[in-house]
Structure formats: C-alpha cells, structure tokens
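Just below is one structure, and these are the notes that go with it.
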Amino acid sequence: MTEDFMEISKEDIENVENALKTNSDYKLKNSKFDVKSFEKGKDIIIIQYVANIENELVFSTYEENGKYYITNTFELFIDNIINGNVSRDVFQSVSSYFYDVIDNPDEDFSDEKDELISFLLLTEDYDESQLQNDLDPEKIRSDYKKDYDRIYSDESMNRVEKSLALKELVHMAICQVVNDIELFFTRPSNLTPEEVAEKNKQEAKALQNELQMS
C-alpha cells in the first residue's frame, strides 16, 4: 500500500491548507485539506485550473502511527500549490513589468513588452491587440501620473491613505491585464506596515457599514 503513497509532514499539510485559500490555480472541491481528513482517511478532491480548463485531481489519504500519507502523485503538485504556478507567474511578470516601466521613465521597454506579450499568449487566451494597448509603456506612465496627481492633490487624505490608494490603483491595472477575477480581491504585495494597518482599518469600517445596512 505504501508504494502508492508518499509521507507528508504535518507542517506541509498546514502549508498546503493555507495556500489553497489564496492560490487561484487550485481549489478544494467538497473536501478539506487538513490533519483531520488524513486521520479519517478521506479522499481529497482538488480542482486545477490551467488555461481556463478544469482538471479534477483526487488524492487518497491515511494516517498511521502518527505519520500522514497521501497518494504519491501529489508530489507533482505540492510545490505549485504552495508556491503558485500559472496565474502567479503571470501576475508577477506583469507586475514587475509595470513597476519597471513606472520606475524607469526614460528607458525603452519595447523588447520587454514584446517578450511579455509572447509569454502571456502562451499561458492564457489573451487578446493580443488589447495587450499591446494595456502594456504600452507610455499609457502605463500616463495613467500612473494622472492617478498620482489626482490622489496627491486630495487634501482630505493623509500620507498613508494616498500611498495606499496609489498602490491599489496600480494593482487593479495589473489585475485587469492578467484578467483573473480572483486577483481583484487581493491586496498589493508591496504594502508597508503602515499601509497594511490602514487597509485593515478601511476593511473593518466597510464591514461595519455593511452590517449596519443589513
């Protein structure tokens, strides 16, 4: 029996469980990925999303003498689940490109744009003409300058609110290019501790207002 299974540590079970809550390429289907599932010997079903295609992956589990085991084919997926794969690679590539273009206003990014578009067309069903427009360096810089001027001229916002708002707008622009609906509900990855605290405060206030309205 063990030849068809691989041992997985409790730490990795917890890492996968947490990663599945945020990884847009893999989602649980009617099951939980936790220690209790292993102890009960439950099958775990994970849906893998690749280029708009859904693949259903089924893994058997069991626990024996305090050790946890899962179908050995899970080894092919564990790194991608924990570290991210297709969508995250796409997002990181587009995000790096955006910030490079913004941070280096005098540089020509024609080659980088063409390489990125080629990469995106290989990974997802994108519209090439739309990518040409969305990834145009002059457009990115122009949109950023307009947002910057508008936000930093608003005297009702403090320093942290302004920097957070600007980063969120860049994040939204990147998400729009990637065209993954789940990413719109994520935060920018480059927030400072002050900005994280401000974002937490804003979300708590929005939740309170929503509860009052209901």
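The values are calculated or read from the model by the stated rules, or taken from the named source; none is laboratory data. These numbers come from a predicted model, not from an experiment. Counting neighbours? That spans all protein chains shown, and the Cβs are built from the backbone with ideal geometry, glycine included. Heavy atoms of the whole protein, side chains included, go into the accessibility calculation; ligands, DNA and RNA do not. Shrake-Rupley method; radii C 1.70, N 1.55, O 1.52, S 1.80 Å.
List of remarks:
- Residue, nearest to ILE174 (Cα to Cα), within region 120-131, restricted to residues that are of a type outside the set (Ser, Thr, Tyr) and open to solvent by 70 Å² or more (accessible area, probe 1.4 Å): GLN130
- ASP108 falls short on exactly one of the conditions (1) open to solvent by less than 70 Å² (accessible area, probe 1.4 Å); (2) not in a helix (DSSP H, G or I), and that condition is (1).
- Residue that is surrounded by the fewest Cβ atoms within 10 Å (Cβ to Cβ) [pool: residues in region 29-64 that are touching a residue at least 24 places away in the same chain (Cβ under 8 Å) and polar (S, T, N, Q)]: ASN52
- Residues satisfying the stated conditions in region 32-50, i.e. at pLDDT below 90 and touching a helix residue (DSSP H, G or I) at 6+ places or on another chain (Cβ under 7 Å): VAL50
- Filter result (small (Gly, Ala, Ser) and over 20 Å from GLN176 (Cα atoms)) within region 113-162: SER153, SER156
- Of all the criteria given as (1) exposed (fewer than 10 other Cβ atoms within 10 Å of the Cβ); (2) at pLDDT below 95; (3) not acidic (Asp, Glu), the one not satisfied by LYS199 is (1).
- Residue list for region 7-28, restricted to those being open to solvent by 20 Å² or more (accessible area, probe 1.4 Å) and farther than 22 Å from PHE184 by Cα: GLU7, SER9, LYS10, GLU11, ASP12, GLU14, ASN15
- Scan of region 146-182 for residues that are polar (S, T, N, Q), farther than 25 Å from GLU124 by Cα and open to solvent by 50 Å² or more (accessible area, probe 1.4 Å), ordered by number: SER153, SER156, ASN158
- Residue selected from region 1-31 under the condition of a type in the set (Gly, Ala, Ser) and at pLDDT below 90, by the criterion farthest from PHE91 (Cα to Cα): SER31
- Residue match in region 163-171 (condition: of a type in the set (A, V, I, L, M), free of Cβ contacts under 8 Å to residues at least 24 places away in the same chain, touching a Ser or Thr at 6+ places or on another chain (Cβ under 9 Å) and part of a helix (DSSP H, G or I)): no
- Look at (1) touching a helix residue (DSSP H, G or I) at 6+ places or on another chain (Cβ under 9 Å); (2) open to solvent by 30 Å² or more (accessible area, probe 1.4 Å); (3) farther than 24 Å from SER142 by Cβ and you find that ILE78 fails only one, number (2).
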